[in-house]
Structure formats: structure tokens, C-alpha cells
Amino acid sequence: MTRPSAALSGASPPYVMAAGVTIGALLLYVATLAPTTQFWDASEYITAAHALGIPHPPGNPFFVILAHVWGLLPLGAEYARRINLLAAVTSAAAAGLWFLIAERWLHAIIVQNVWRRLAAASGALVGATMFTVWNQSVVNEKVYTLSVLSIALVLWLTMRWADQPAESRRDHLLLVVVYLIALSATNHLMGLLVAPAVLAYVWMTDSRVLLRPQFLAVATLVIIVGLSVNLFIPIRAHLDPYLNQGNAITWPALRAVLTREQFGKPPLLDNPMYPPGAENPGRSVALVGQQLLNYWQYFSWQFGRDWSPVVQRVLTILFAGLGLLGAARHWRTERRSALPMVFLMLTLTVALVLYLNFKWGYSQPYAGLEHEVRERDYFFVASFMGWGLWIGIGLAFLAQRLSVWLKSWRLAAAVFLLALIPLLGNHLTASRSGETLARDYARDVLHSVDPNALIITTGDNDTFPLWHAQEVEGVRRDVSVMVTSLANTNWYLEELQRRTGPWMTRYYRGVSGDSLPPYVVLEGPVGGAVGPIHVTLDPHALGRPYLDRSELALLEIIKDQLGKRPIYFSMSAGSVPDQLGLSSYLVGEGLVRRLEPAVVHPNDSIRLITGRGFVNVPRTKQLAFEVYRGGAAAARTRPRGWVDAPSQNSLLGYVFVYDTMAAALRDRDPTLALRSLQLRDAILANTTYALPRERRGGGDDD
């Protein structure tokens, strides 16, 4: 058992300065806060908070409840901005707690209060302004800022428990820690990653507590109480809120949500880039090395994302060295707290990389194999903030050595200016100030269709903003949205039928055995009537010898409703309708393609434009220049372009619209055609794409 030092037994933590650190971080985050919803999961989580609903597995009930209550506060801002502010507040509070933890651990290194607290504040500043931390703190894209806060709070309370004199130490604070860990698990399993560090801290302080039957019994009850928040999911699912992913009204369905069964996480020993089963080549040493390199890639982004790759590499080496210096100094000075911190950082990095077992990173070279659809740096946000603590200790040690050499603390304190580098080097890339494209895109798509229409979408970025627009903003609630990535599940098709249909007359009507099969095999091209139209289903066009459940459902909807109710495909659905043999029945109208009940032929309004298919020119012109707001938002000058390359395809729908208008209006309205080209090129300038030279003056018109 290790006793706290006498110097600390009566010391009062600098709560006022910690509050200052929190407020400073919060002001920075508010200044760069997203004004509305964003792409990826932001719209889904904001919608879930508003509807008191259930987002994708694991359902995140604690976040949903907390965010819903937070959203009721009269903060005088758009609802999405209020929820974004929750991310800022939780992350800023975590920065304040990391300051308190660093200040306590620096007692054995720096005696003077002023310099010790300056070092702790420097570490907190670095942690709060690392690219991923900052970028995730200005929009509620994920639930991880709440997990980061819980990790910091648990570590702080564990440290406070350990610092109590042994003769007066009680288990009450430790039981609070146990409860917070269990409660945090109902937000996201990331909250559990602090548990090994807590166990190490308790073991190094008083291992006997882990063997006391009374403590273990009460701790078990506390864990049950904390985890009971998960019961929100089936209770709320029975009430069928707007967002009800998984429809977990049964215990098997609840288990599927909590275990993330929908995502099919690969086993630890499998190679995630190949299908599971006997033919999976297994997880090789080379793959593990590539996954660890992916973490190092994300780490290299943290200190100067606005600057050149060469500068980023230099800063990575600098701050990695400072962190390692701080870790070594911490280990030599106070083993009792250093060991838990080592456990925490290993859990948040190496162990997490091994557990997640990701495909090769989105921007890593991957030799043609399947890779992640987006960057996953947000999974490591807690490790980046924790690394800031070790950087603060490293800066303190460096300043201490310089003070001896320079014989002046004041001169040596200049080393703490290094903590400003991430603030200066990330302020363009991390900020989301003024970014409204996701909201504008959703409104534009919904205003593109006729009343009571069905829009077919394919993924997160063309679906979640529509959910947000309908549920949170009340825009075009008459429109139904069908996302094919969820339409392979029976619960989702039942929900589509129940709420907005029935779109299918034979299936999902509440009768036993009326569900569609998971797939139907195609042994060769098959042609036939689907309602009023004729299609040919070709395995070669599909890229596989079967139709999946989502495609079967779509064909049933077309058969039953085409000609009775409007059906559209979002432009981002890409080749999906063409693969189903629907090309000759599609007409482009702005950001959507209308499915017609008869083969389309050119006329005064509908023109066949090379590379774009049939386009309703008057309708697209009206939408592009009188209705859409997203074109201007996409064309807005951004100093670093569209920072999130994996989601830049969300801008390309507008590129397609204005490029089409340039081609269609080149002879009839040269002025508007020129404006179309200017918008197209301004949008493209924000992406990594470029048009071929021969296309830069406008497309060809047939």
C-alpha cells in the first residue's frame, strides 16, 4: 500500500483555475462551433435527441436522455446548434479535469504553484486543441466527448480516493467511480476503457478493497443500477419514436442492438477485408502493423493539420518526444499514478486498435482491397486528450532543466509557448464555423419531390440529414425516406410500412410469414414486368448473382405504387437504379431522379444530355436557381477545401446539377450557363476532384 505524500494530504485542488481552463476551452469551441447539423452521424444523433429516439446500435440511451434534456434548455439557438454545444461543454469540462489531474501529478516535479499550474494548463491546452479533439468538440457527430468526460472524471475521482489518508479512506467515492463506469457504458462502451486504469490505481493504493465482500456486493448492485439505463431502449421502442433503430421490443432484439449485431464486427483473428468463414486468411502480423500505422497516421494529424505534411511530421516527432519524456518523468517520480496512466494509454491505443480490427484506413494505400469508408480517428479522441497530459509533464521537465541552465524560471517558461502550436496549426481545419451544407442539402432534396413521395437513399450522408430536416425542423414530413442500407432488415421494412405506407401490398402487413427472403438467386438475366414497367435483372450489371432483400423490397414497391405515388432516387444513390434496369424510366430533376411509369422520350422539357441521361431542364433550372440553398453553401470558399475527404461526395450532387445546367443552357441562356459553370468550379475547388480540360467550358448536349 502506498500512502499519499504529506504535502498533498491537506492540499486543495486549484478548482478556480480548472474552471478557467474549462471556460477558455469552451469559448474556443463556441467560436468555432457548427451552427447546425453536419454529415455522418451528427444528424442521426441530433434527431435521436429531439425525438427521444434510438439511434444505430448500441442505442446510446444515456446520451439520448441527457441530450434530450439539454435540448430543452432555452439557449436561444437552432436545436442542432444547442446539441452541438453539449459536445463543446462536455469536452471543455474534460479539459478542466485533465488540468486537475496533471496539476496533482506534477506536485512531485515542480514545487512552485505558478509554474506547476502553468505546466498543467499547457498540457490541457494541447489536449483540447489537438485536431480530432477540437473537431469532435464543435459538433455532436458522435457520443465520444461525453465518454471522454466520463473517463477524465472517473480518473480524477479515483485519484481523490487514493489521496485520502489510509486511516480515514472510505469506499463511498470508489462506489461512485464504479457507478460512473457502468453508467458511461450506456452512452458508449468507450467509457469502459478506463476500468483497467482504475483497477491498477486501486491495486497500487489499497489492494485489500478488491477482496472485501461488502464492497464487492454493493459494487455489483451499483453496476446493475448504472446499466439499467439500457432498459430505456425497449421501453421507448414500444412507443415507436421517429427514430427507432432495431425496434428492440424483444430481448433478442435488445441483445442485437447492444451487441451491435447489425454491423457484423469481424472476429479478432479474422482479416476484416475478406468475408468471414473458412476461407478468411486470418489476421496477419502485417495487417496488425498496418492498423497500428493507421493510428500513427491519425496521431500525426493532431498538431498542425493546417500545415504541410513535412511540418506535420516534424511536429509529430516533437510532441511524441515531449509525451514520452513526460511519461518517463512521471514513471520515475510517482509510480502509483504512472502505472494507471500507462494502463489507460495502452488501453486507449494498442488494445483499442487490436479490438476494433479495422480494415485498412480510408487514406492508407490498400492495394485494391476493401478499406474503411471514412477516417476513424474519432475512436481515439480520448487517447489524444490523455497524451496532452504527458506532454504537459514533458514541458514541465524541459522547463525545469532549462531553468537550471539559464538560472531563471521566467526565461525557461518560454518553453510552454510550444503548447500554442496545436491551437495555431489546427484553427482552420478543426473549425466548423459557418458550415451549413448538410442542413441545406436535406432541405433541397426534400423540396425537390412531389407531395407524399418516396425517396430512395443509400447511406448515412444522403439519409441522416433528411431525418433531421423532417423530425427536428418539420420540413416535408409528407415525404417517406427509404435507405437501402437498412432495408435488408425486416424491422426497418416493417417500420416503413407501418409509418408511411403501406408501400407494399403483399409484404410486412402484420401477417405471419409475410417477410421477404434475405436474397433471391439469379442464375442469369431475367426480364419481366414490374408493375407498369419492364426490367431486365442482370447478375453482371448487379455485380453479384443475387438480389438482396432491399432490392426485392424496392421492386415490390415499384410494382405496387409506380404511377400511383411519386418515387424518386436521390442523386447520391448513384448506379443503384441503373443496376436494376431502370435507366430508361428515370428523369433527372435537380438532386433527384424521378421514376416514370413509362419509357422516357425527349420532348420540349425533357432532354437527353450526354453522361447525365434524361433531364427535366425547366424543373432542374427552377430548383437550381430558385429553390436550392446548398449550391451556394457548397461553393463557399474554404481555406483548406472540404476537410473531410470521405464525405466530399456530398458536394458532387450540386456539381452534377450545375454542370448539367451549363450544358443544357449553353445555347439558350449563356448568362445562366456561365453562372452554372462558376458555381460548378467553385464547388469542385473545395474537393480533390477536377474536370477534364475539355469539359471546363461546359458539357455536350444531344
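The values are calculated or read from the model by the stated rules, or taken from the named source; none is laboratory data. Model, not experiment: these values are computed from the prediction. Here the Cβ is made from the backbone with ideal geometry for all residues, glycine too, and neighbour counts use every protein chain on show.
A few notes on this one:
- Where ALA108 falls short, out of the listed (1) modelled with pLDDT of 95 or more; (2) surrounded by fewer than 23 Cβ atoms within 10 Å (Cβ to Cβ): (1)
- Which listed residue is in a helix (DSSP H, G or I) and either modelled with pLDDT of 95 or more or within 30 Å of GLN648 (Cα to Cα) (or both), from ALA487, ALA419: ALA419
- Tally of residues being assigned to a helix (DSSP H, G or I) and over 23 Å from the mean Cα position of the chain (by Cα) across the stretch 55-109: 13
- Listed by position, the strands (runs of 3 or more DSSP E) inside the stretch 520-621 whose residues that are surrounded by fewer than 15 Cβ atoms within 10 Å (Cβ to Cβ) and out of contact with any Gly (no Cβ under 7 Å at 6 or more places or on another chain) number at least 2 are 526-530.
- Residues in the stretch 657-702 that are loosely packed, with under 15 Cβ neighbours inside 10 Å and of a type in the set (Lys, Arg) were compared, and the one that is modelled with the highest pLDDT is ARG668.
- Of the helices (runs of 4 or more DSSP H) contained entirely in the stretch 196-300, those carrying at least 1 residues that are of a type outside the set (A, V, I, L, M) and in contact with an Asp or Glu (Cβ under 8 Å, 6 or more places away or on another chain) fall at 213-227, 251-258, 285-300.
- Within the stretch 433-465, being at positive phi and of a type outside the set (Gly, Ala, Ser) holds for one residue alone: ASN452.
For (1) modelled with pLDDT of 90 or more; (2) surrounded by 17 or more Cβ atoms within 10 Å (Cβ to Cβ), each residue gets a yes or a no:
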{"residue": "PRO267", "(1), (2)": "no, no"}
{"residue": "ASP270", "(1), (2)": "yes, yes"}
{"residue": "SER284", "(1), (2)": "yes, no"}
{"residue": "GLY321", "(1), (2)": "yes, no"}
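- Taking every residue in the stretch 279-291 that is more than 15 Å from VAL353 (Cβ to Cβ) and pairing it with any residue that is at pLDDT 90 or above, at least 6 positions away or on another chain, the pairs with Cβ-Cβ distances below 8 Å are ASN280/ASP270; ASN280/ASN271; PRO281/ASN271; GLY282/LEU269; GLY282/ASP270; GLY282/ASN271.
- Here the stretch 298-352 is the region considered, the condition is being within 25 Å of the chain's Cα centre (by Cα) and charged (D, E, K, R), and the residue that is nearest to ASP163 (Cα to Cα) is ARG305.
- A count restricted to the stretch 406-420 and to residues that are buried (at least 18 other Cβ atoms within 10 Å of the Cβ) and not aromatic (Phe, Trp, Tyr) stands at 5.
- Sole residue being within 21 Å of SER91 (Cα to Cα), of a type in the set (S, T, N, Q), touching a helix residue (DSSP H, G or I) at 6+ places or on another chain (Cβ under 6 Å) and part of a helix (DSSP H, G or I), chosen from SER383, SER403: SER383
- Here MET504, MET482 are screened, and the one residue that is in a loop (DSSP other than H, G, I, E, B) and among the aliphatic types (A, V, I, L, M) is MET504.
- Unmet criterion (only one of (1) under 30 Å from SER284 (Cβ atoms); (2) more than 26 Å from the chain's Cα centre (by Cα)) for ALA413: (1)
- Exclusive hit being surrounded by fewer than 22 Cβ atoms within 10 Å (Cβ to Cβ), over 16 Å from TRP467 (Cβ atoms) and at pLDDT 95 or above, set ARG3, ARG82: ARG82
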